[in-house]
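The values are calculated or read from the model by the stated rules, or taken from the named source; none is laboratory data. Just so we're clear, the structure is a prediction, and the values are computed from it rather than from any experiment. All Cβ positions, even for glycine, are placed from backbone atoms using ideal geometry, and neighbour counts span all protein chains on display.
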Amino acid sequence: MSKKFDVVALGELLMDFTENGRSPQGNILFEANPGGAPCNVLAMLQKLGRSTAFIGKVGDDMFGQTLRSVAEEVGINTSGLLTDRETRTTLAFVRTLPGGDRDFSFYRNPGADMTLTAEELPLELIGSARIFHFGTLSMTHPGVREATKRAVETAKAAGALISFDPNLRPPLWGSLDEAREQINWGLDQADVVKIADNELEFVTGVQDFDTGAAKILRDHPGIRILNVTAGPDGSIAYSGGKRVYVPGVKLGGTIETTGAGDTFCACVLNFVLDHGTAALTEQDLTGMLRFANAAAYLVTTKKGAIRSMPEREEVEALAGKA
């Protein structure tokens, strides 16, 4: 059966307020950057020529209106993006740390993305996806968690591949044990996983990448491609008994790392749409990681994510030099 969309994602669409210098009075200035991990993934996929759709909720406020228009501006289908007239759009204030990493302060108690219910899901839209992508910010609270799980079940029943990124944000969870439980549920559903090094340790309790990856693949045998990312140190792919490591791009110029993992994830999904997940060679996996690493680096040289995704030609040129 032909599918209308290459990738449909569900989750948070929010405004990242990113530090951007100081005023003449010495006050911190913030730039309002449209973001939210699942929609970041779709924005990069649009740059790569894919058809995408987003499912989620924003508030009936200036931020929600801006986020909807920005998603549409980059080509993402927003027919599954609802507006909550009672709850405000989620905000995240992002403090940039030395080296470009970030510290988040969320204004989400509640935020509109949390109010999506299972009854509001556009089931036909979910069933029209070749790949369904989700993370865990849509699993922090019971109502939206039920919606996420029903969406995943619907996508699987329709034959979609399932992509999962834990995207752990500890302050948003009532307890870390609950976070670990929901991440493990996501890993149980997934065909393709992107997990950061700190998340790998959180889930498995071990620091060594190979040991942690082996545990995840043993505990969650449905995973066909497991990618572990380590920021500028590169990434490792585990698939079909193969292990491939590709170093990160270290050219300097990193401003902040918001969206880097999402950009990487999008490039992997773009690869999967072309090549599938079975019988991948080491050469296949190397090319996948080299392209994804290059794109992830490029997005760190700008602020924000959705409007900062690199063009395919930029990524190809950089990946060719790696």
**Study point:** Single residue of region 11-38 satisfying the filter (touching a Lys or Arg at 6+ places or on another chain (Cβ under 7 Å), buried (at least 16 other Cβ atoms within 10 Å of the Cβ) and of a type outside the set (S, T, N, Q)) that is nearest to PHE63 (Cα to Cα)
**Key:** PRO34
Exercise for review: Inspect region 295-311 for any residue being surrounded by 21 or more Cβ atoms within 10 Å (Cβ to Cβ), touching a strand residue (DSSP E or B) at 6+ places or on another chain (Cβ under 6 Å) and over 25 Å from ASP16 (Cα atoms) and give the result as yes or no.
Suggested key: no
Review point. Picking from VAL94, VAL8, VAL41, which residue would you name as being in a strand (DSSP E or B), surrounded by 20 or more Cβ atoms within 10 Å (Cβ to Cβ) and in contact with a helix residue (DSSP H, G or I) (Cβ under 8 Å, 6 or more places away or on another chain)?
Key: VAL8
Exercise for review: Quickly run through region 123-138 and pick out the residues that are within 19 Å of LEU81 (Cβ to Cβ) and buried (at least 18 other Cβ atoms within 10 Å of the Cβ).
Suggested key: LEU125, ILE126, GLY127, SER128, ALA129, ILE131, PHE132, HIS133, PHE134, GLY135, LEU137, SER138
Practice item. Working only within region 114-156, note down all residues that are among the charged types (D, E, K, R) and closer than 21 Å to GLU181 by Cα. Key: ARG145, GLU146, LYS149, ARG150, GLU153, LYS156
Point to revise | One residue from THR89, THR78 being farther than 20 Å from VAL299 by Cα, touching a helix residue (DSSP H, G or I) at 6+ places or on another chain (Cβ under 6 Å), β-branched (Val, Ile, Thr) and in a loop (DSSP other than H, G, I, E, B) | key: THR89
Exercise for review: Of the conditions (1) under 17 Å from ALA296 (Cβ atoms); (2) more than 20 Å from the chain's Cα centre (by Cα); (3) buried (at least 21 other Cβ atoms within 10 Å of the Cβ), PRO247 clears all except one; give me its number.
Suggested key: (3)
Study note, to complete from the structure: Filtering region 56-75 for residues that are over 14 Å from GLU86 (Cα atoms), of a type in the set (Gly, Ala, Ser) and not in a loop (DSSP other than H, G, I, E, B) leaves a count of 3
Revision key, fill the gap. Within region 1-18, of all residues that are in contact with an Asp or Glu (Cβ under 8 Å, 6 or more places away or on another chain) and within 14 Å of PHE104 (Cα to Cα), the one modelled with the lowest pLDDT is THR18
**Study point:** In region 218-259, the residues that are closer than 17 Å to ALA190 by Cβ and of a type in the set (Asp, Glu)
**Key:** ASP219
Review point. Among the residues of region 97-119, how many are loosely packed, with under 15 Cβ neighbours inside 10 Å and closer than 16 Å to THR148 by Cβ?
Key: 2
Review point. How about region 138-196: which of its residues are in contact (Cβ under 8 Å) with a residue 60 or more places away in the chain, in a helix (DSSP H, G or I) and not hydroxyl-bearing (Ser, Thr, Tyr)?
Key: ALA147, ALA151, ALA155, PRO171, LEU172
Review point. Somewhere in region 67-83, is a residue over 30 Å from LEU251 (Cα atoms), basic (Lys, Arg), buried (at least 16 other Cβ atoms within 10 Å of the Cβ) and in contact (Cβ under 8 Å) with a residue 60 or more places away in the chain?
Key: no
Check your understanding: Given the structure, is GLY212 buried (at least 20 other Cβ atoms within 10 Å of the Cβ) and of a type outside the set (Phe, Trp, Tyr)?
Key -> yes
**Study point:** Matching option when the condition is at pLDDT 95 or above, more than 18 Å from the chain's Cα centre (by Cα) and within 15 Å of GLY36 (Cα to Cα), among THR78, THR89
**Key:** THR89
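Residues are listed down the side, and each one gets a yes or a no for (1) part of a helix (DSSP H, G or I); (2) in contact with a Cys (Cβ under 7 Å, 6 or more places away or on another chain); (3) modelled with pLDDT of 95 or more; (4) aliphatic (A, V, I, L, M):
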residue	(1), (2), (3), (4)
LEU269	yes, no, yes, yes
LEU273	yes, no, yes, yes
ASP284	yes, no, yes, no
TYR297	yes, no, yes, no
ARG307	yes, no, no, no
GLY320	yes, no, no, no
